[in-house]
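This report refers to the structure that appears directly beneath it.
The values are calculated or read from the model by the stated rules, or taken from the named source; none is laboratory data. Computed from a prediction, not measured in an experiment: that's the story for all the values here. With ideal geometry, Cβ positions are generated from the backbone for all residues, glycine too; neighbour counts draw on all protein chains shown.
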Amino acid sequence: MADHGHKFMAPNIKSETIDIKHDHERRSANYKPNIWNYDSLVSLSNKYTGEKYEREAQKLRMEVKSMFYEANDQPAKLELIDSIQKLGIAYLFGEEINEALEAIASTKINNAGTGVNLYFSALCFRLLRQHGHDVSLDLFTNFLDKTGSFKRSIFNDIEGMLELYECSHLALEGRMSFAKLLCNGRLREIRIDRDLAKQVEHALDLPLYWRVPWFDTKWQINMCAAQEGKSSNLVDLAKFNFNMIQATHQQELINLSRWDFNETQQLPECMKICFKALYDTANDTAYEIEAEKDCRNVLPHLKQAWAEFCNALFTEAKWYNQGYTATPQEYLSNAWISSSGPVISTHVLLSISDDKKVEVESFSEKNQELVYCSSMIVRLCNDLGTSSAELERGDSPSSILCYMREGNASEEMARKHIRSLIIQTWERINKIRGNQPPSGRTFVSLIANVARVAQWIYQYGDGFGDQDRETKAEILSLLIEPLALG
């Protein structure tokens with residue numbers, strides 16, 4: 001893995017002087033035309049706003065809240081928390097969830113099913129780890145043979161193996177790797193009940209921990225609605241909540257149209273719009289943060305982050321023009337910055353901090369490895385999804401081609417290596433998350449979400465460059481199409 005000694009907001013960074021000519025001819029990337037119609041976006045309307053829906057949602061919220069008191073044992077509480085999280089309404093019950101998990105973590109976890117039942121043991125492990133509790137792998141002792149391997153008797157417990165597979169992605173570096181491989185192989189080969197098969201396919205496609213929670217919410221709501229025994233109040237609240245938040249997102253999308261035009265005559269035509277958008281966005285962002293947080297000097301930090309990002313892009317441009325293929329380590333030491341992960345992380349930090357005297361340099365130093373790991377996953381997922389198209393249009397080599405050339409490896413071997421790096425990097429994030437104090441968990445979750453977005457965008461190829469594929473359907477589902485209320 002590349003060295004991450006480079007700060008994600010290094011001080012005193014200076015952009016290299018570029019000789020810009022007005023007659024610059026831009027190299028075509030052969031991207032497909034934009035499929036989105038601006039007029040249709042700004043004319044979006046949504047009826048799921050106002051007091052009527054807020055009152056109904058509040059009524060359902062109180063009904064669901066009572067379910068915490070009706071869940072009398074650990075398994076019932078764990079399943080309730082899991083459902084609430086998957087349905088996108090966990091933020092409404094933060095206090096109840098924390099109290100329940102604190103109680104479970106402070107008692108002997110092996111009672112009432114956990115430690116004896118594989119499904120509940122794995123579910124308990126996943127939820128506690130996700131919420132920052134230090135839960136031991138001893139929870140799985142009853143499922144191991146004398147050699148420390150999982151007993152073959154678990155092979156027939158499909159729900160248990162599915163949950164074990166999900167929780168294995170929250171393990172620390174090197175641990176539970178065998179369980180992950182074991183469950184993956186077994187779940188792919190065994191015949192499964194139709195409804196459960198959908199859940200298995202979904203997990204094998206992309207594990208729960210690697211998904212952006214909100215992007216997965218609609219799928220989970222539809223699955224939950226189809227299951228017998230699920231509370232109708234739970235599903236109804238999730239539907240109301242989804243539609244109301246979708247309405248908020250639509251309004252935010254409409255508001256993203258504030259572009260002022262300043263003089264940038266020294267730039268070539270192909271860069272003017274880009275610069276104006278960046279300039280105005282950075283200034284607007286800084287103004288909003290300073291007004292909301294009552295703090296100052298936000299803009300210099302944003303400028304610094306963007307300068308570092310642009311310099312990384314410039315390095316790649318130089319490599320391209322020189323016909324140079326970097327070593328994998330050299331490539332990744334620059335590419336994690338050009339992934340845009342660090343500049344996004346800077347915006348996140350400045351947006352969520354409650355400190356009026358934001359010590360960005362100090363905070364970035366403490367979270368350097370987290371930002372590096374998240375940004376590296378963005379880069380590696382991007383390379384997996386776009387490498388083939390970039391080779392066709394003659395772009396500079398990605399990590400895949402760099403690895404192929406240095407190691408004389410096939411593309412298949414290179415892709416396998418990149419996927420293994422992604423797994424290793426997620427394990428590093430798990431370790432960082434486990435060592436994070438409660439006050440820092442929000443930042444960790446948000447930065448991890450940056451990596452999750454990349455997993456989603458590039459899951460089936462280039463989700464940016466080829467918009468008219470899975471990405472289009474997902475965006476329409478999330479932003480345009482509400483859920484039908486029963």
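Numbers below:
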| read-out | value |
| --- | --- |
| Output for region 194-246, where each listed residue is surrounded by fewer than 19 Cβ atoms within 10 Å (Cβ to Cβ) and small (Gly, Ala, Ser) | Ala197, Ala225, Ala226, Gly229, Ser231, Ser232 |
| Hits in region 297-335 (condition: of a type in the set (Lys, Arg) and surrounded by 13 or more Cβ atoms within 10 Å (Cβ to Cβ)) | Lys303 |
| Selection within region 394-414 - among the polar types (S, T, N, Q) and closer than 15 Å to Cys381 by Cα | Ser398, Ser399 |
| Close pairs from region 167-181: first assigned by TED's automatic domain parsing to the domain that holds Gly132 and in a loop (DSSP other than H, G, I, E, B), partner at pLDDT 90 or above and small (Gly, Ala, Ser), Cβ under 8 Å, at least 6 apart | Met176/Ser168 |
| Selection status of Arg405, surrounded by fewer than 16 Cβ atoms within 10 Å (Cβ to Cβ), among the basic types (Lys, Arg) and within 21 Å of the chain's Cα centre (by Cα) | no |
| Count of residues meeting criterion [in a helix (DSSP H, G or I), among the basic types (Lys, Arg) and in contact (Cβ under 8 Å) with a residue 12 or more places away in the chain] in region 193-222 | 2 |
| Subset tally (residues that are within 27 Å of Leu92 (Cα to Cα) and not charged (D, E, K, R)) for region 33-63 | 11 |
| Failed criterion for Pro397 (all others in (1) part of a helix (DSSP H, G or I); (2) touching a helix residue (DSSP H, G or I) at 6+ places or on another chain (Cβ under 9 Å); (3) surrounded by 20 or more Cβ atoms within 10 Å (Cβ to Cβ) hold) | (1) |
| Residue match in region 304-321 (condition: farther than 29 Å from Arg405 by Cβ, in a loop (DSSP other than H, G, I, E, B) and at pLDDT below 90) | no |
| Check on Ile418, surrounded by 15 or more Cβ atoms within 10 Å (Cβ to Cβ) and either without any contact (Cβ under 8 Å) to a residue 60 or more places away in the chain or among the acidic types (Asp, Glu) (or both) | yes |
| Residues that are surrounded by 15 or more Cβ atoms within 10 Å (Cβ to Cβ), among the aromatic types (Phe, Trp, Tyr) and outside any helix (DSSP H, G or I), drawn from region 435-486 | Tyr458 |
| Lone qualifier among Ile84, Ile104 - being at pLDDT 95 or above, under 22 Å from Ser231 (Cβ atoms) and assigned by TED's automatic domain parsing to the domain that holds Cys183 | Ile84 |
